[in-house]
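Worksheet for the structure shown next.
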Amino acid sequence: MKTIKIITMRRLAYIAFAGILILASCTKAELGPVISENPTAPTLTAPASGTNLVFTEATANDNVTFSWTAADFGFDAAVTYTVQYDKVGNDFKAPVTLKTTTELTASTKAEDLNSGFLGAEFPFGEVTGIEIRVMATISEIIPSIYSPVVNLGVNPYEVVVVYPQLQVPGSYQGWSPEDNNTVIFSKLSDKKYEGYIFFKDAGTFFKYTVGPSWSENYGDNGADGTLESGGADILAGDAGMYKLNVNLNNLTHSFTKTDWGLIGSATPGGWDNDTNMEYDAETRLLTLTVNLVAGDIKFRANDDWAINLGDNGNNGSCEYEGANIPIAAAGNYTLTLDLKGPIYRVKIKKN
């Protein structure tokens, strides 16, 4: 009996130990791959830092190739790489996406890059400094990592830029994708579109089409801000001018009703109160005739600074968060804000 008891205890001990091993094994498996605390970021290898990219009509069809080393998150993972650029000194506050890929190289036609740089209002015929980086991503819940920044110079050539556009057919214009007055534009040729459309009636329905036909169209099933091919009609709210944004890279969109006004030290309301502008349906322009004093002005929507336009360089083209626009002398002025094209423009005339 004594021997049998010893064997039984050994067996019990073995079974308990084996159970611990199995439990430990399962726990380890459930944890899955472990992400490195110090993942290795990609490194751009081409173009080399300090390179000046000079664009000409003769090289418009050439490819500009970007290459980089692989990122390492500490385990075998599918990595998506995004090539981004921004102006030197802007600290990637508004990065522009050039390419997204799972490869370690990406090519873009010189003509497309040239159009994008002109859309960003880079001067042609001279070098503008930009910064390039590669973003590596494996999951929405895991922070992306970035390559060291590479500095380049770009020298675009002058062309009449034809900006990519999306048609916006809807109940307000007879559901006509052929109407080229109801479109929004991709100013940077990056599949991100923006524009302002006036909906004359409350409860307007609309959709987006690629080109002047219904062959490729997008709506929003569930009104959740996500676009679906052939999706449901999109319903706007009150009548008025709407700011439309579409990102065909991730099939998202948004729309915001805007009421525009003039503000600044030169205006009757100073920097505290807007002077409202009126939309002219015939000219498709926002206008205002008002007495101004010497000082500064800006344009903003909805009596708020979330959407505001100034004029960097005081050259008649407007930019979000742009510089104050100077008014040199007191007088009666007519101001015109043009939001119907890819580049927003202001005209100030003293009467």
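The values are calculated or read from the model by the stated rules, or taken from the named source; none is laboratory data. Note that this is a predicted model, so its numbers are computed, not measured. Counting neighbours? That spans all protein chains shown, and the Cβs are built from the backbone with ideal geometry, glycine included.
Find the residue count for the range 48-103, including only residues that are assigned to a loop (DSSP other than H, G, I, E, B) and either within 23 Å of T137 (Cβ to Cβ) or in contact with a helix residue (DSSP H, G or I) (Cβ under 6 Å, 6 or more places away or on another chain) (or both).
The qualifying residues number 21.
This table checks each residue for (1) free of Cβ contacts under 8 Å to residues at least 24 places away in the same chain; (2) at positive phi; (3) in contact with a strand residue (DSSP E or B) (Cβ under 7 Å, 6 or more places away or on another chain); (4) surrounded by 16 or more Cβ atoms within 10 Å (Cβ to Cβ).
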position: N247; (1), (2), (3), (4): no, no, yes, yes
position: T252; (1), (2), (3), (4): no, no, yes, no
position: G270; (1), (2), (3), (4): yes, yes, no, no
position: I297; (1), (2), (3), (4): no, no, yes, yes
position: D303; (1), (2), (3), (4): no, yes, yes, no
position: Y320; (1), (2), (3), (4): yes, no, yes, no
position: G331; (1), (2), (3), (4): no, yes, yes, no
- Test: residue in the range 272-281 that is touching a Phe, Trp or Tyr at 6+ places or on another chain (Cβ under 6 Å), buried (at least 16 other Cβ atoms within 10 Å of the Cβ), among the charged types (D, E, K, R) and touching a residue at least 24 places away in the same chain (Cβ under 8 Å): no
- Considering only strands (runs of 3 or more DSSP E) wholly within the range 257-348, the ones with at least 2 residues that are farther than 27 Å from L166 by Cα and more than 24 Å from the chain's Cα centre (by Cα) are 260-263, 285-292, 295-301, 325-327, 331-338
- Task: Would you confirm whether any residue within the range 203-221 is within 25 Å of Y344 (Cβ to Cβ), of a type in the set (A, V, I, L, M, F, W, C) and modelled with pLDDT under 95?
- Result: no
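Would you tally the residues in the range 77-107 being among the aliphatic types (A, V, I, L, M) and within 18 Å of E131 (Cα to Cα)? If you could, list the steps in order and put the result at the bottom.
Taking the range 77-107 as the starting set, the residues that turn out to be among the aliphatic types (A, V, I, L, M) are 77-79, 83, 88, 94, 96, 98, 104, 106.
Next cut, within 18 Å of E131 (Cα to Cα) only: 83, 88, 94, 96, 98, 106.
Within the range 77-107, residues that are among the aliphatic types (A, V, I, L, M) and within 18 Å of E131 (Cα to Cα) number 6.
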